[in-house]
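*Asks:* Right, I'll just put the structure down here and ask away after.
The values are calculated or read from the model by the stated rules, or taken from the named source; none is laboratory data. These numbers were taken from a predicted model, which means no experiment stands behind them. Note that each Cβ is placed from the backbone with ideal geometry, even for glycine, and that neighbours are counted across all protein chains shown. In case anyone asks, the SASA skips ligands and DNA or RNA and just uses the protein heavy atoms, side chains included. Shrake-Rupley method; radii C 1.70, N 1.55, O 1.52, S 1.80 Å.
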Amino acid sequence: MTTKPPSTSQPAATPPAATWAGAGAAPVPLWGDDFNTDPYAIYARLRRFGAVAPVEIHPGVNAWLVIDYQAALEVLRDTATYSHSPLNWSDPVPSDHPIAPVIQPRPCAIATDGAEHRRYRQVITDGFNMIPSHELRDRVTRLADDLIRDFAEAGEVDLVAQYARQLPLVVFNDLFGLPASYATGLSRTMARLMEGGDEAADANEELEAYLAELIAMKTEHRGADLTSWYLDHPNGMTQEEMAHQLLLTLVAGNEPTTNLISNALSRMLSDPSYYSTLTNGARTAREAVEDVLREEPPMSNYAYHFPRRDVLLHGNWIRTGELILISYAAANTTPDGLPTGPRTDGGSHLAWSAGPHQCPVKHSALLMAVTAIERLTSWLSDLELTVPREKLQWRPGVIHRALAELPARFTPITPGQAGATPWNRQSPQEASVAYTESSP
Ligand code: HEM
């Protein structure tokens, strides 16, 4: 007979006086050198608390971190007990706080509950459903080749700055229906936003201006693009709601897709069992992506939730409105928490989250990441890292597992060389098929 976890989300009969203290220890910082250097060591240390640990996500900002797979599923699925709306946060940060951009009330899918959430979310899912997979693949292929041409002659590249960080942005700019010239400005703006500090306020204004111009252009002239489909959606978005759904698409899609591409590339280029696939080995880009999703999810800790009443969650009293985050990274690696033995499900993990707020665009995101990796590694088949994977630097931050850089070298390719090149837009595989067919 198996014993159940102590208790799940039960109503509080007698709420305790002080919940953070009730956890029996000071909240563990998820910021600073220790966490930034090795977050997985911190997750391992947090296991002494059980399924839920008291943490500090920024100096002075406390949260409960759910680190157990089953407990995470309970919170993610129990919409009666837990709200996903920051309006229910009992101790919200001011609007100019560094955490505010990622946890603040907004009229958009990620920050709302119930019918309001479904209304916003449907606009996004229906929009992406309008894009046939083969068209998305062609688009990513074309835009990946554009980027590869920019560094192919150099023989060296930072695959984060020059590829993984650029690709999602140029794809979104294209899906939104804007000319490529707008992508350069967007990429500069997003880089400045990421730097934070004084630059961030200006960059935020630039992003608002980009979205305002986009909406104005598409209001005037519709096209076969996401913006027009959002505008014409029967759920009828106001101008403000339009801006927020587009912003969410861009912000929720950009950083994790960058990380999925670069984290998977870092594995493929440092592990011989992947590396051989660059020519004709056994493991594929898709497998590298799946390994990242399970072992090092691009979004590591997010899915903010706020209890609608005092609850007892796996032995911890949590007060109404206290911040709970789900650690996808820790939950995925829960000891004994995942199904074992031969897998037929492609691997259960929480990298896309679960419940009503799970990623609505995972198939498109997977296709983008796998196509990006395949395109790069088929053009630059002897790509190799110039820094060993264990020495790579990761960007600080609690939400994302993000490489700071991924320096690599390869044999340069040039526009004038014989055969297929990214300049004549024929893939190495297509070229070899053409050669075989026309050969005697
Ligand atoms: C085309 C690229 C992507 C787009 C447009 C996109 C869009 C979105 C949107 C709109 C949401 C909010 C859904 C809701 O609240 O109902 C969301 C949630 C989420 N996405 Fe994606 N996403 C993309 C790629 C990714 C990738 C690559 C990952 C990582 C593997 C990821 C992981 C997640 C997770 C974990 C959530 C849940 C967040 C939460 O509950 O707070 N997404 N995504």
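*Asks:* Need the failing condition index for G50 against (1) of a type outside the set (A, V, I, L, M); (2) more than 27 Å from T112 (Cβ to Cβ); (3) out of contact with any Gly (no Cβ under 8 Å at 6 or more places or on another chain), just the number.
*Replies:* Of (1) of a type outside the set (A, V, I, L, M); (2) more than 27 Å from T112 (Cβ to Cβ); (3) out of contact with any Gly (no Cβ under 8 Å at 6 or more places or on another chain), only one is false for G50: (3).
Yes/no matrix, rows are residues, columns are (1) away from the ligand (no atom under 14 Å from the Cβ); (2) aromatic (F, W, Y):
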site	(1), (2)
R165	no, no
L169	no, no
F172	no, yes
L186	yes, no
R192	yes, no
A201	yes, no
L211	yes, no
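*Asks:* Just give me the residues in segment 306-315 being open to solvent by 10 Å² or more (accessible area, probe 1.4 Å) and not charged (D, E, K, R), in sequence order.
*Replies:* Within segment 306-315, L312, H314, G315 qualify.
*Asks:* Another question about this same structure. Quick one: in segment 348-365, of everything that is crowded, with 18+ Cβ neighbours inside 10 Å and assigned to a helix (DSSP H, G or I), which residue is farthest from the ligand (Cβ to nearest atom)?
*Replies:* Step by step, filter segment 348-365, then rank; the result is G355.
*Asks:* Residue check, L143 against (1) touching a helix residue (DSSP H, G or I) at 6+ places or on another chain (Cβ under 6 Å); (2) in a loop (DSSP other than H, G, I, E, B); (3) over 17 Å from R308 (Cα atoms), all met but one. Which one?
*Replies:* L143 satisfies all of (1) touching a helix residue (DSSP H, G or I) at 6+ places or on another chain (Cβ under 6 Å); (2) in a loop (DSSP other than H, G, I, E, B); (3) over 17 Å from R308 (Cα atoms) except (2).
*Asks:* Out of E116, E74, report the one residue that is assigned to a helix (DSSP H, G or I), within 13 Å of the ligand (Cβ to nearest atom) and open to solvent by 10 Å² or more (accessible area, probe 1.4 Å).
*Replies:* The conditions single out E116.
*Asks:* So which residues in segment 119-151 are open to solvent by 40 Å² or more (accessible area, probe 1.4 Å) and in contact (Cβ under 8 Å) with a residue 24 or more places away in the chain, if there are any at all?
*Replies:* Answer for segment 119-151, where residues must be open to solvent by 40 Å² or more (accessible area, probe 1.4 Å) and in contact (Cβ under 8 Å) with a residue 24 or more places away in the chain: R119, R121, Q122, D126, M130, S133, R137, R139, R142, D146, R149.
*Asks:* Of the conditions (1) within 11 Å of the ligand (Cβ to nearest atom); (2) free of Cβ contacts under 8 Å to residues at least 12 places away in the same chain; (3) hydroxyl-bearing (S, T, Y), S95 clears all except one; give me its number.
*Replies:* (1)
*Asks:* Cβ contacts < 7 Å: first residue modelled with pLDDT of 95 or more and of a type in the set (G, A, S), restricted to segment 349-361; second residue open to solvent by 20 Å² or more (accessible area, probe 1.4 Å) and within 6 Å of the ligand (Cβ to nearest atom), any location; separation 6+ or different chain. Result?
*Replies:* Hits for this filter: S353/C359.
*Asks:* Quick check: anything in segment 232-249 part of a helix (DSSP H, G or I), within 23 Å of I261 (Cα to Cα), charged (D, E, K, R) and within 16 Å of the ligand (Cβ to nearest atom)?
*Replies:* Among the residues of segment 232-249, not one is part of a helix (DSSP H, G or I), within 23 Å of I261 (Cα to Cα), charged (D, E, K, R) and within 16 Å of the ligand (Cβ to nearest atom), which makes the answer no.
*Asks:* Across segment 315-334, what is the number of residues that are in a loop (DSSP other than H, G, I, E, B) and closer than 23 Å to W352 by Cβ?
*Replies:* 3
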